[in-house]
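Student: Below is the structure I would like to discuss, written out as structure tokens.
The values are calculated or read from the model by the stated rules, or taken from the named source; none is laboratory data. This one's a predicted model, so the numbers in the text were calculated from it and none came from an experiment. Please note: Cβ atoms are built from the backbone with ideal geometry, for glycine as well, and neighbour counts cover all protein chains shown. Surface areas here come from the heavy atoms of the whole protein model, side chains and all, with no ligands, DNA or RNA. Shrake-Rupley method; radii C 1.70, N 1.55, O 1.52, S 1.80 Å.
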Amino acid sequence: MSRKSPSMSKCFSFTASRDWFYRYWFTKSGLRSVSTGLGDGTIMHCWVPKFRKPSKPNLVLVHGFGANAMWQYAEALHHFTPRFNVYVPDLIFFGRSYTSLPDRTESFQARCLMRLMGLQGVERMSMVGISYGGFVAYSMAVQYPQALDRLVLCCTGVCLEEEDLKAGLFPVKSLEEAKQVLMPQTPEKLRELMRVSFVRPATGVPSFFLSDFIKVMCSEFVEEKGELIQEILKDRGQSNLPKIRQPTLLVWGEQDQIFPLELGHRLKRHIGDNAELVVIKNAGHAVNLEKPKEFIKHLKLFLL
């Protein structure tokens, strides 16, 4: 059986099949897939409501690194579509979104996202940002305070200092090593990403499954994604991080290795009384996937 497995992987892609299932699930949940040109060489893809109801509040779910928006929010959809107009965008250089412009900052991502929401007729919204998506959501809250009602940041290390890398706060020792782990191009690097993202990572996954995932999900815009990582670390210091005033929920995995819990406490102190920190035990960085029921419970308590 093991001799047949590599050839099986050539004619069947588990990752592509899973992606198709998520696409079907999003459609069944009342969303439709839309790509929007922003007029400057930038295209943003987003799942938007098939029928937007003006009486409902708007909720934007912003993904982090890894796979695409569908893979990170499939579990959450049916909890929120009855009460919100839900929007699930692909950030620039993820999924079907891209730009010909050279800007790689999270503030640029936030501006593109705000323009997209404006074109969808959305002026006010609540927002959930996971990991890198939280960097973008935080920038949205800074640049467009009047547009954001409530904010959820999940394992979002916006309070990291450039010095933290040298001080050994992270499992990686350099920017290049961070890029290799966050954008795995080999089964070994994908296993390493799983080890630092989950408290209990899946074991015994065949290499051809991992290679299939990399081919389908991690082979596009590799250089550009590396530049995104470089930008979030460049000249970063808490002293120049603006404060935000929106009611904010911080959700953190107790054993997060990518953005350790210390950064959650740091961010709570930085925002002050408007922020609440919830720590989920026995969970790592991928807390939304590892503890989906607890993650969604806290989101519902805060957003509803």
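Student: With a sphere of radius 9 Å drawn around the Cβ of S126, what net charge do the other residues whose Cβ falls strictly inside it have (Lys, Arg +1; Asp, Glu -1)?
Tutor: Here the charged neighbours net out to +1.
Student: A further question on this structure: For S100, put the label point 7 Å out on the Cα→Cβ axis and report which residues of the range 34-78 keep their amide N under 17 Å from it.
Tutor: 36-44
Student: If you don't mind, another one. Among Q143, L165, Q180, whose Cα sits farthest toward the positive end of the charge dipole of the range 136-198 (+1 at Cβ of Lys/Arg, -1 at Cβ of Asp/Glu, about the Cα centre)?
Tutor: Toward the positive end, the furthest listed residue is Q180.
Student: Another question, if that's okay. Using a probe of 1.4 angstrom, how much of the accessible area of the chain is carbon and sulfur, in percent?
Tutor: 54 percent
Student: Accessible area per residue, 1.4 Å probe, Å², for the range 113-176: what's the number?
Tutor: 36 Å²
Student: Subtract the Cα-Cα distance of E188 and L169 from 0.36 nm times their separation in residues, and report this length gain in nm to one decimal.
Tutor: 4.6 nm
Student: Can you give the local net charge around K268? Use residues other than it whose beta-carbon is closer than 14 angstrom to its beta-carbon, Lys and Arg +1, Asp and Glu -1.
Tutor: 0
Student: Step through the residues of the range 74-85 one at a time and calculate ³J(HN,Hα) from phi using the Karplus curve (6.51 cos²θ - 1.76 cosθ + 1.60, θ = phi - 60°), rounding each to whole Hz and writing x for Gly and Pro.
Tutor: Result, ordered by residue: 4, 5, 8, 3, 5, 6, 10, 4, x, 10, 10, 7 Hz.
Student: Kindly state, to the nearest 0.05, the FRET efficiency for E223 paired with K53, given R0 = 30 Å and r defined as their beta-carbon distance.
Tutor: 0.15
Student: Report, ordered by chain and residue number, the aspartates and glutamates lying within cross-link reach of K215, taken as a straight Cα distance under 18 Å and ignoring same-chain residues fewer than 8 apart.
Tutor: Qualifying aspartates and glutamates at Cα under 18 Å: D19, E188, E192, E223, E224.
Student: Just reorder W71, W20, W25 by solvent-accessible area, largest first, 1.4 Å probe, all chains present.
Tutor: W20, W25, W71
Student: In debye, nearest 20: dipole of the chain around its Cα centre with unit charges on the Cβ of K, R (+) and D, E (-)?
Tutor: My answer is approximately 1260 debye.
Student: Expressed in nm to one decimal, what extension gain is obtained for the pair Q238 and K297 from 0.36 nm per residue of sequence separation less their Cα-Cα distance?
Tutor: My answer for the length gained is 18.2 nm.
Student: The range 62-109: which trypsin sites (Lys or Arg not before Pro) are DSSP loop and have at most 16 other beta-carbon atoms within 10 angstrom?
Tutor: R83, R96
Student: Check each of the GluC sites (Glu not before Pro) in the range 113-186 and keep only those in coil by DSSP with at most 14 other C-beta atoms within 10 angstrom; list them in order.
Tutor: E123
Student: Another question, then. Once every DSSP H run of n ≥ 4 in the chain is given -39500 (n - 2.57) and the sum is divided by its residues, what mean residue ellipticity at 222 nm do you get, rounded to the nearest 500 deg cm²/dmol?
Tutor: Helices in the chain give a 222 nm mean residue ellipticity of -12500 deg cm²/dmol.
Student: Semi-axes of the equivalent ellipsoid for the chain, please: Cα gyration tensor eigenvalues, times 5, square-rooted, ordered largest first, whole Å.
Tutor: Gyration-tensor ellipsoid for the chain: 28, 24, 19 Å.
Student: In addition: Would you mind getting me the FRET efficiency between H78 and D273? Use the beta-carbon distance for r and R0 = 41 Å, nearest 0.05.
Tutor: Rounded to the nearest 0.05, the efficiency is 0.80.
Student: While we're on this one: At 1.4 Å probe size, put T186, T156 in order of accessible surface, largest to smallest.
Tutor: Sorted by accessible area, descending: T186, T156.
Student: Could you tell me the center-to-center distance, by alpha carbons, between the range 122-178 and the range 76-110 in angstrom?
Tutor: After rounding, the separation between the Cα centres reads 14 Å.
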